[in-house]
Amino acid sequence: MTTKPTDHSRYHAKLYCAAALGIGVSLAQVAGATFSDANWTPLGSGMNGIVLALATSGNDLYAGGDFTKAGGNPASRIAKWNGTNWMALGSGMNGTVRALAVSGSDLYVGGSFTTAGGKAAAYIARAYLPDLPELSMICSGSEITVSWPSVDTSGFALEHAGSLPALASWSTNTASVTDDGTNKWVTLPATNNSRFFRLRRP
């Protein structure tokens, strides 16, 4: 597996691999090989189960497999190494992760699981890797302005509802959205009723 590190001074000729060792008992160790000194370096304390898939995005390494801890911390079958620590990706999966792939801002995961992040997902799921955008709301007179960042939100749609309903009850915004390159916003008539807004990627 080859990687495309963005900081070559930090990731000089670095190869990531997963090894399963032992007969009858599966042991997993994730390590990085720095070819300039030919020494193996463990990535923290590794996992408590086998690693079956790896993918990189920028300076982050994603590992999937059949483990419940990464770096000594709870991580259900999937985790991220940020160069220093292992971190869980939410509540993870309820079954083994067998394949990982990164495309743009998305991490695609395949395996023998039926839930991902606590949501129903039949053996395949997608995770958005950047931080989720935040909504800001300002009321002024008879209008309300809802705004959010322009960066990395091209695939998001603004939705609204009068209460916190099931997923299918949200309505997509049809008002014109203004974008100045830094923020996007939409101005709507204010009402005396409760209104809820969210950004959602299809």
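The values are calculated or read from the model by the stated rules, or taken from the named source; none is laboratory data. What you see is a predicted model; the values in this text were computed from it and never measured. FYI the Cβ positions are ideal-geometry reconstructions off the backbone, even for glycines, and counts take in every protein chain you see.
Checking each residue in the range 83-106 for being under 17 Å from Leu129 (Cα atoms), of a type in the set (Ser, Thr, Tyr) and outside any strand (DSSP E or B) picks out Ser91, Ser105. Only residues that are of a type in the set (Gly, Ala, Ser) and exposed (fewer than 12 other Cβ atoms within 10 Å of the Cβ) were counted across the range 119-135, and they come to 2. For the range 150-172, filtering for residues that are of a type outside the set (Phe, Trp, Tyr) and surrounded by 16 or more Cβ atoms within 10 Å (Cβ to Cβ) leaves 4.
Residues in the range 46-82 that are part of a loop (DSSP other than H, G, I, E, B), over 20 Å from Arg98 (Cα atoms) and modelled with pLDDT of 95 or more: 2 in all.
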